[in-house]
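Trainee: First the structure, which I've put down as structure tokens, then a few questions once you've had a look.
The values are calculated or read from the model by the stated rules, or taken from the named source; none is laboratory data. Quick caveat, the model's predicted, so the values are computed rather than measured. A quick note on method: Cβ atoms are made from the backbone with ideal geometry, for glycine too, and the neighbour counts reach across all protein chains shown.
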Amino acid sequence: MDTFVQLVYFLTALVFILGLRRMSAPGTARSGIVWAGLAMAAATLVTFLTPDMQNFGLMLVAIVLGTVVAWVAAKRVAMTDMPQMVAVYNGMGGGAAGSIAAVELLRGEFESTGLMALAVLGALIGAVSFAGSLMAFAKLQGLISSRPLIFPAQRPFNLAVLLVAVGVGVWLLRDDAAAFILLFFVAALAFGVLVTLPIGGGDMPVVISLFNALTGLAVGFEGFAIGNAALIVAGTVVGAAGTLLTVLMARAMNRSIASVVLGGFGVEQAGGEVKGSLKPIEVEDAAVLLGYASKVIFVPGYGMAVAQAQHKLRELSDLLESKGVEVKYAIHPVAGRMPGHMNVLLAEAGVAYEKLYDLEEINPEFPTADVAVVIGANDVVNPAAHRQGSPLYGMPILDVDKAQNAIVIKRGQGKGFAGVENELFYAENTRMLYGDAQNVLGKLVQALKRL
């Protein structure tokens, strides 16, 4: 029977990898998730056949409760709140790894000190990921300020807490008394909270991805510690994928991972003096520009997500195409609050995948666009990124400033996450259309119908 269980674990690992591969393309992403889900279900069910397995009743209760909670939450959560849900579920993975380690440490039946060390290391990483992910959820949900939260001597204090957790973890290899185990987890959880406090909402895509990688690493370590092949493979795959995504996201922001983790970005940044003035435009005039254009490029951002304006944007796009206008969507890698946030929202609204273009594909087309419409984006379209001395310098941006005309739909005149004035807003070819994105897009639709 044990051989059969290990065989199923091996097959589910293959399906995990194939499912992850399918998730890399929008057209196959949904089936990839289904494949991975079925593999997880198979791995969970075959675990009941493991020799000498006990506590079947508790396992069934946990599975039923988890399934019901997850099903209800997934049905009710809005697409705009998907980053928060990802953060929470990612944290649950870290919490599960930490819980496994806690049970094994309390049992104290490790075959070697090396395996116990892996369990302690997995517990440390898992607890940090769990607490940090919950803090990320709180920031994204608005339960606490999304701005970086800074206090005096913050970094030395955080380092001291980490050293306490590591020190107690090392001591556990000699004395695994329950009191030391409790102190170890308290310090690890506290560090997870503290390390996330100075990280602003704009960096959350990278942070969530980093915690995802840490969760995978923790699960892998726990798999080695208890000799579970499924945990080893699943943790390794998640850790590798999360690490790669974290690196790619940081590169897209021209930020080092260290600078993201240390936090504080966006508290106070000097962006230099911006020349020019903000030039507002009325809805009717904007509709004329769009209605008589040959090519229009839409640039969605977090403001579109907050206003839940993706359906109105789709309606406006369809109306323009019915008038013979070529419409495309420019997607920046870090637009929104999670990787692929804009892609998911536009897919929900029924926008075809082939109309979505990433930064490298769409930038050469801006000079030939009659109008580029920015909907709630800021730093990812700021030409200041091309200027040395700017905090954004070197960050790849969407070249909206090169379009013949630019219309920026924005609630007010506030700065972006980086705290830098957006030079695009002051450009001669840019007009500001103030208001809630959903409301403004709705008015544009009505104005276009009257043309």
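Trainee: How many residues are among the small types (Gly, Ala, Ser), more than 13 Å from the chain's Cα centre (by Cα) and within 26 Å of VAL166 (Cβ to Cβ) if we restrict to region 133-142?
Mentor: Of the residues in region 133-142, 1 are among the small types (Gly, Ala, Ser), more than 13 Å from the chain's Cα centre (by Cα) and within 26 Å of VAL166 (Cβ to Cβ).
Trainee: Oh, and also: If I filter region 328-367 down to residues being touching a Phe, Trp or Tyr at 6+ places or on another chain (Cβ under 7 Å) and assigned to a strand (DSSP E or B), which single residue comes out as nearest to PHE211 (Cα to Cα)?
Mentor: Step by step, filter region 328-367, then rank; the result is ILE331.
Trainee: In this structure, is GLY114 in the same structural domain as ALA213 (by TED's automatic domain parsing), in a helix (DSSP H, G or I) and under 28 Å from the mean Cα position of the chain (by Cα)?
Mentor: No: the conditions fail for GLY114.
Trainee: Output the number of residues of region 322-371 satisfying the condition of being more than 18 Å from LYS312 (Cβ to Cβ), charged (D, E, K, R) and in contact (Cβ under 8 Å) with a residue 60 or more places away in the chain.
Mentor: The total comes to 3.
Trainee: Spot the failing condition for ARG22; the list is (1) surrounded by 14 or more Cβ atoms within 10 Å (Cβ to Cβ); (2) under 22 Å from PHE211 (Cβ atoms), and only one is missed.
Mentor: Failing condition for ARG22: (2).
Trainee: When you look at LEU398, is it at pLDDT 90 or above, crowded, with 21+ Cβ neighbours inside 10 Å and more than 24 Å from the chain's Cα centre (by Cα), yes or no?
Mentor: Criteria not met by LEU398.
Trainee: May I ask you to list the residues in region 147-174 that are crowded, with 17+ Cβ neighbours inside 10 Å and either closer than 15 Å to LEU197 by Cβ or without any contact (Cβ under 8 Å) to a residue 40 or more places away in the chain (or both)?
Mentor: Correct list: PRO148, LEU149, GLN154, ASN158, VAL161, LEU162, VAL164, VAL168.
Trainee: Tell me which of these LEU134 doesn't satisfy, since it passes every other one: (1) over 17 Å from LEU183 (Cα atoms); (2) at pLDDT below 90.
Mentor: (2)
Trainee: Let me ask another. When only residues in region 401-415 that are basic (Lys, Arg) and farther than 17 Å from GLU428 by Cα count, which is surrounded by the most Cβ atoms within 10 Å (Cβ to Cβ)? Outline the logic, then answer.
Mentor: Going through region 401-415, the residues basic (Lys, Arg) turn out to be 402, 410-411, 415.
When the remaining residues are screened for being farther than 17 Å from GLU428 by Cα, the result is 410-411, 415.
On the way: LYS410: 23, ARG411: 14, LYS415: 16.
Once the filter is applied, the top-ranked residue is LYS410.
Trainee: If you don't mind, there's one more thing I want to ask. In region 386-403, which residues are in contact with a strand residue (DSSP E or B) (Cβ under 7 Å, 6 or more places away or on another chain) and part of a loop (DSSP other than H, G, I, E, B)?
Mentor: LEU398, ALA403
Trainee: Can we say GLY122 is out of contact with any Leu (no Cβ under 7 Å at 6 or more places or on another chain), modelled with pLDDT of 90 or more and assigned to a helix (DSSP H, G or I)?
Mentor: Considered against the rule, which asks whether it is out of contact with any Leu (no Cβ under 7 Å at 6 or more places or on another chain), modelled with pLDDT of 90 or more and assigned to a helix (DSSP H, G or I), GLY122 comes out as yes.
Trainee: Moving to a separate point now. Quick one: in region 304-318, which of the residues that are touching a helix residue (DSSP H, G or I) at 6+ places or on another chain (Cβ under 6 Å) and surrounded by fewer than 20 Cβ atoms within 10 Å (Cβ to Cβ) is modelled with the lowest pLDDT? Before you say what the answer is, go through the steps one by one.
Mentor: Step one: of region 304-318, the residues touching a helix residue (DSSP H, G or I) at 6+ places or on another chain (Cβ under 6 Å) are 304-305, 307-310, 312-313, 315-316.
Remaining after also requiring surrounded by fewer than 20 Cβ atoms within 10 Å (Cβ to Cβ): 308, 315.
Numbers: GLN308: 87, GLU315: 94.
Among those that are touching a helix residue (DSSP H, G or I) at 6+ places or on another chain (Cβ under 6 Å) and surrounded by fewer than 20 Cβ atoms within 10 Å (Cβ to Cβ), it is GLN308.
Trainee: Considering only residues that are closer than 17 Å to ALA127 by Cβ and not hydrophobic (A, V, I, L, M, F, W, C), look in region 175-211 and name the one that is surrounded by the fewest Cβ atoms within 10 Å (Cβ to Cβ).
Mentor: If we take residues in region 175-211 being closer than 17 Å to ALA127 by Cβ and not hydrophobic (A, V, I, L, M, F, W, C), then ASP176 is surrounded by the fewest Cβ atoms within 10 Å (Cβ to Cβ).
Trainee: Follow-up. Which of the numbered conditions does VAL344 fail, given that it passes all the others? Conditions: (1) in contact with an Asp or Glu (Cβ under 7 Å, 6 or more places away or on another chain); (2) within 29 Å of SER24 (Cβ to Cβ).
Mentor: Failing condition for VAL344: (1).
Trainee: Separate question: Take the conditions at pLDDT 85 or above, on the phi < 0 side of the Ramachandran plot and outside any helix (DSSP H, G or I) and apply them to ARG255. Does it pass?
Mentor: no
Trainee: So in region 41-82, with the set limited to residues that are touching a residue at least 60 places away in the same chain (Cβ under 8 Å) and among the hydrophobic types (A, V, I, L, M, F, W, C), which one is nearest to PHE137 (Cα to Cα)?
Mentor: Of everything passing the filter in region 41-82, MET82 is nearest to PHE137 (Cα to Cα).
Trainee: Quick one: in region 93-146, which of the residues that are in contact (Cβ under 8 Å) with a residue 12 or more places away in the chain and among the charged types (D, E, K, R) is surrounded by the fewest Cβ atoms within 10 Å (Cβ to Cβ)?
Mentor: Once the filter is applied, the top-ranked residue is GLU104.
Trainee: Is there any pair with a first residue in region 17-38 that is over 21 Å from THR67 (Cβ atoms) and a second that is among the hydroxyl-bearing types (Ser, Thr, Tyr) and in a loop (DSSP other than H, G, I, E, B) whose Cβ atoms are under 6 Å apart and which are 6 or more apart or on different chains, and what are they?
Mentor: Correct list of pairs: ARG22/THR28.
Trainee: Here's a follow-up. Search region 368-385 for residues being part of a helix (DSSP H, G or I) and under 23 Å from the mean Cα position of the chain (by Cα), and hand back the single one that is nearest to ASN429 (Cα to Cα). Don't jump to the end; show me each part of the working.
Mentor: Start the filter on region 368-385 by keeping residues that are part of a helix (DSSP H, G or I), which leaves 368, 379-381, 383-385.
Narrowing further to those that are under 23 Å from the mean Cα position of the chain (by Cα): 379-381, 385.
Working: ASP379: 18, VAL380: 18, VAL381: 14, ALA385: 18 Å.
Taking the candidates together, the pick is VAL381.
Trainee: So, one more: Of the conditions (1) closer than 24 Å to LYS279 by Cα; (2) at pLDDT below 85; (3) outside any loop (DSSP other than H, G, I, E, B), GLY416 clears all except one; give me its number.
Mentor: (3)
Trainee: Could you grab me the full set of residues in region 70-108 that are outside any helix (DSSP H, G or I) and either touching a His at 6+ places or on another chain (Cβ under 6 Å) or in the same structural domain as GLY142 (by TED's automatic domain parsing) (or both)?
Mentor: The one that is outside any helix (DSSP H, G or I) and either touching a His at 6+ places or on another chain (Cβ under 6 Å) or in the same structural domain as GLY142 (by TED's automatic domain parsing) (or both): GLY108.
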